[in-house]
Amino acid sequence: MERANYERLRWRCIRRALLELDITLTRFLDGGEFEKLSDDQQQAFVELADMEDYDLWDLLTGKAEIDDSRLAHMVALIRKS
Amino acid sequence: MSIPVLKFDAVIVGAGGAGLRSAIQLSEAGLKTAVLSKVFPTRSHTVAAQGGVAASLGNSEEDHWTWHMYDTVKGSDWLGDQDAIEFMCKKANEVVVELEHYGMPFDRTDDGKIYQRPFGGHMSNFGEKPVRRSCAAADRTGHAMLHAMYQRNVKANTQFFVEWMALDLIRDEEGHVLGVTAMEMETGQIVIFHARATIFATGGAGRIFYSSTNAFINTGDGLGMAARAGIPLEDMEFWQFHPTGVAGAGVLITEGVRGEGGILRNSSKERFMERYAPNAKDLASRDVVSRAMATEIKEGRGCGVNKDYVLLDITHLDPATIMKRLPGIHEIGLQFAGVDCLKEPLPVVPTCHYQMGGIPTHYSGRVVAPKNGDVNSVVPGFYAGGECACASVHGANRLGTNSLLDLLVFGKSAGDSAVEDLKAGRAHRELPKDVADKTLARISALDNRKGGANVHETRLAMQRTMQDHAGVFRFGDMLKQGVEKILEVEKAARQLEIKDKSMAWNTARTEALEMENLIEVAKATMISAEARKESRGAHVRDDAPDTAEFPNGRNDKEWLKHTLFSPVDNSISYKPVNMQPLTVEAVALKTRSY
Ligand SMILES: Cc1cc2nc3c(=O)[nH]c(=O)nc-3n(C[C@H](O)[C@H](O)[C@H](O)COP(=O)(O)OP(=O)(O)OC[C@H]3O[C@@H](n4cnc5c(N)ncnc54)[C@H](O)[C@@H]3O)c2cc1C
């Protein structure tokens with residue numbers, strides 16, 4: 001991913017409304033997990049990061065589920081990180 | 001270098017609850033209004049508020065604003081200004097009903113009224129028994145509030161500058177405030193926002209502490225900007241803590257865990273609450289539990305490599321009960337402590353939650369500072385509301401659900417006052433020649449410095465110092481050392497170095513600029529806390545204990561006064577608490593006990 005796009009994504013992950021997401025998403029990005037993803041997977045991550053905080057947090061804690069298998073797979077990867 | 005100038009009637013920094021509420025007043029009055037935010041408005045930290053907003057609507061049982069006022073004065077340990085508290089409690093119904101009209105989906109009673117539930121410290125009939133005063137929208141009150149107010153602003157043509165960071169306040173020689181300098185994150189471009197009215201609504205600064213429930217965005221930018229412009233900060237020693245945040249992460253663990261039988265233990269696995277509260281033990285009140293935890297840690301009985309946390313043990317409880325009664329706690333343990341709480345205890349520590357102090361304001365939302373012998377002289381053109389401001393309604397301790405009320409009431413009144421001042425003819429004043437020099441110098445120093453301090457390490461040093469020396473329970477010797485230490489950290493914070501020099505989306509630069517704000521708040525907190533030699537509300541000192549002469553360690557003869565920290569020379573002065581409400585009798589001084 002191009003530097004500016006990555007840094008914009010990073011800002012949108014390290015400055016969330018919920019502390020829980022700040023920690024979880026920062027860990028994923030700064031821990032180097034993101035770089036290992038395919039372009040498609042990176043795109044799925046971007047889509048998740050665009051979600052509203054509570055919706056994303058409900059997915060990450062298993063309180064809610066998502067049909068889209070790309071996104072569901074990405075949720076699983078973030079949870080494991 | 002010529003810097004673009006954007007001209008507005010009003011510029012508001014912050015698009016959380018307070019900023020959005022102010023903006024509605026200004027835009028609906030037909031004024032050209034800009035709102036700047038580091039993030040999309042509905043990602044502001046107000047989203048995290050779940051509990052509700054206080055208003056004595058009396059929908060579920062009898063209630064009255066004078067009862068709410070009494071609770072707030074008492075909660076503040078009599079440090080709140082009674083004129084401001086009357087103003088807020090009286091206005092509560094109006095601002096909550098307005099919010100309802102903006103489309104806020106409040107929970108309802110069967111007959112269609114706003115449903116109200118009880119919340120700690122809110123009582124009926126001057127402290128008699130709990131009352132149902134909190135209005136909520138499921139467990140998403142703050143989130144729903146922001147959505148309703150954002151939509152209202154869109155309709156009113158408020159202009160949003162999203163992912164813009166305000167950097168410095170612009171003041172002229174006479175002290176008038178003329179706007180801010182700001183950076184567009186996408187381009188790194190610096191722009192001047194030239195305004196007739198400037199409103200700060202930048203939220204709290206809880207990230208000065210190592211353990212904080214606040215999201216990463218709470219870096220106290222408004223306080224940093226005000227301090228750099230020579231405006232004193234009020235009552236910064238007062239921070240509310242929650243007893244059980246996950247050590248290292250800050251994520252809140254509900255008090256229900258102790259309610260279900262959770263036990264606090266120290267490094268030798270001792271159930272230490274038996275020594276501090278033989279009867280209530282782990283179920284003692286928040287402040288008693290927090291103090292006991294802090295004492296265990298200070299005396300070397302903490303756990304882990306740094307001996308800086310204690311353990312919350314639920315391994316003796318039935319796993320099925322935990323999963324049923326405490327949903328979420330297992331996941332929080334796994335995600336944020338790396339601990340399976342069914343098998344191992346959770347590391348916990350008293351955690352910073354809310355900032356009571358801030359930029360000094362009158363209840364009209366106008367910023368005030370000492371000038372020519374008047375301690376409350378209005379700073380022309382400058383207004384503030386929400387957690388960054390100190391009106392002061394929370395005094396030494398905030399009641400739950402009163403901060404969402406604060407941001408509605410004082411966000412609105414800051415907006416109204418600005419409208420009034422602008423309609424009275426306040427014009428754009430000429431920008432000083434050196435208008436952006438300081439901002440540009442800060443940025444260029446960051447870009448060019450070699451061999452400077454690392455941002456991450458400096459932030460960590462600050463957070464550790466604040467946690468260890470000015471935490472939930474304070475010790476005279478530790479505070480003294482803390483002042484020296486934080487001044488050392490300040491030296492590093494003035495010499496930050498960043499590796500990335502790009503213009504577009506340079507998050508390293510943004511974080512360094514935030515750090516320069518955090519350190520102003522940390523310093524103000526430490527020095528103000530060291531200076532106040534009594535215990536009051538959330539500021540509790542080991543050397544100001546509960547005695548017959550000074551119940552709870554509070555000393556009204558000497559300390560019934562607001563602290564003003566002057567960032568110019570790190571000095572402290574004081575101003576009187578306003579004990580005179582607007583229309584009713586004062587709430588007389590009393591020992592605070594529940
Ligand atoms: C976990 C949690 C739960 C809570 N629950 C409750 C509750 O139930 N009831 C209650 O009354 N209170 C609660 N509180 C407290 C309450 O949520 C906050 O005090 C309140 O939301 C603060 O609102 P605000 O508008 O002042 O600031 P925020 O909502 O934090 O908004 C600050 C705004 O300023 C912007 N900003 C900051 N710096 C800059 C800059 N340099 N340039 C541009 N923009 C900037 C940000 O982008 C943001 O838009 C809770 C707090 C926490 C942490």
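The values are calculated or read from the model by the stated rules, or taken from the named source; none is laboratory data. Predicted model, so just to flag it, every value in this text is computed and none were measured. Positions of Cβ are backbone-derived with ideal geometry, glycine not excepted, and every protein chain shown enters the neighbour counts. Ligands, DNA and RNA are stripped out before the accessible areas are found, and what is left, the full protein with its side chains, is counted by its heavy atoms. Shrake-Rupley method; radii C 1.70, N 1.55, O 1.52, S 1.80 Å.
Miscellaneous remarks
- Annotation for the range B:295-316 versus the range B:113-156: alpha-carbon center distance of 36 Å.
- Kyte-Doolittle mean at least -0.5 and Cα axial length at least 20 Å: DSSP H helices in chain B: B:82-101, B:402-423, B:476-493, B:507-531
- Projected label distance in nm at B:H316 and B:K423, using a 7 Å step from Cα toward the beta-carbon: 6.5
- J(HN,Hα) series, the range A:39-53, from Karplus relation 6.51 cos²θ - 1.76 cosθ + 1.60, nearest Hz, glycine and proline x: 4, 4, 5, 4, 4, 5, 4, 4, 5, 5, 4, 6, 6, 5, 4
- Put the Cα centre of the range A:1-65 next to the Cα centre of the range B:332-356 and the gap is 22 Å.
- Sequence-distant residues sharing a close amide H with B:C390 (under 5 Å, placed H): B:I359, B:T361
- Close amide-amide hydrogen proximity is noted between B:R554 and B:S535, each under 5 Å apart and 5 or more residues distant or on a separate chain (H modeled in the peptide plane; Pro and chain starts excluded).
- Calculation over all alpha carbon pairs of the range B:462-594 in 10 angstrom steps from 0 returns a P(r) of 11, 32, 28, 18, 9, 3, 0 percent.
- Maximal additional length on extending the B:V97-B:E186 stretch stands at 28.2 nm, based on 0.36 nm per residue less the C-alpha distance.
- Lys, Arg +1 and Asp, Glu -1 on Cβ, resulting dipole of chain B about Cα centre, debye, nearest 20: 460
- Computed lengthening from B:K557 to B:K343, 0.36 nm per intervening residue step minus Cα-Cα distance: 71.9 nm
- Using a cut-off of 32 Å between Cα atoms, the listed pairs B:K74/B:K523; B:K113/B:K155; B:K307/B:K480; B:K90/B:K423; B:K155/B:K499; B:K129/B:K480 include B:K155/B:K499; B:K129/B:K480 as exceeding that distance.
- Residue-level accessible surface for B:S268, protein heavy atoms, 1.4 Å, Å²: 80
- Proximity of backbone amide H atoms, modeled 1.01 Å from N, is registered between B:V379 and B:V367, B:V368, B:A369 at under 5 Å, excluding neighbours fewer than 5 places apart on the same chain.
- Probe 1.4 Å - accessible area at A:D50, Å² to nearest ten: 100
- Fraction of beta bridges assigned by DSSP in chain B that are antiparallel (%, nearest 5): 65
- B:R196 accessible area, 1.4 Å probe, all protein chains in place, Å² to nearest 10: 40
- Whole-Å distance, taken between Cα centres, linking the range B:225-252 and the range B:442-472: 16
- The C-alpha radius of gyration of the protein assembly as shown, expressed as a fraction of 2.2 N^0.38 Å, stands at 0.91.
- In order along the range B:319-329, the Karplus-derived 3J(HN,Hα) couplings, from 6.51 cos²θ - 1.76 cosθ + 1.60 at θ = phi - 60°, round to x, 5, 5, 4, 5, 7, 8, 10, x, x, 5 Hz, and Gly and Pro are given as x.
- With only Cα atoms counted, the range B:324-458 has Rg and Dmax values of 22.7, 68 Å.
- With both labels modelled 7 Å from their Cα along Cα-to-Cβ, the B:L334 to A:R79 distance reads 0.7 nm.
- Sparse-neighbour loop sites [GluC sites (Glu not before Pro); the range B:537-594; at most 15 other C-beta within 10 Å; DSSP]: B:E549, B:E585
- Candidate aspartates and glutamates - alpha carbon under 16 Å from A:K63, same-chain residues fewer than 8 apart omitted: A:E20, A:E52, A:D53, A:D55, B:D139, B:E331
- For chain B, the Kirkwood estimate of hydrodynamic radius, built from reciprocal distances between every pair of different alpha carbons, is 24.4 Å.
- Antiparallel DSSP beta bridges within the protein assembly as shown, percent to nearest 5: 65
- Treating r as the C-beta distance of B:N306 and A:D67 and R0 as 41 Å, the FRET efficiency rounds to 0.35.
- Using C-alpha pairs below 8 Å separated by at least 6 residues, the relative contact order for chain B is 21 percent.
- Each residue, B:K129 and B:L283, gets one label point 7 Å from its Cα in the Cβ direction; the gap between the two is 2.0 nm.
- Solvent-accessible surface ranking, highest first, for B:K575, A:K80, B:K269 at 1.4 angstrom: A:K80, B:K269, B:K575
- Take each residue in B:37-50, count the other chain C-beta atoms within 10 Å of its C-beta, and the mean is 3.
- Global size of the range B:161-245: 15.0, 47 Å for Rg and Dmax (C-alpha atoms, Rg to one decimal, Dmax whole).
- Chains A and B together bury roughly 2900 Å² of accessible surface, counting both sides and using a 1.4 Å probe on protein heavy atoms.
- Measuring r between the beta carbons of B:T583 and B:K7 and using R0 = 41 Å, the FRET efficiency lands at 0.50.
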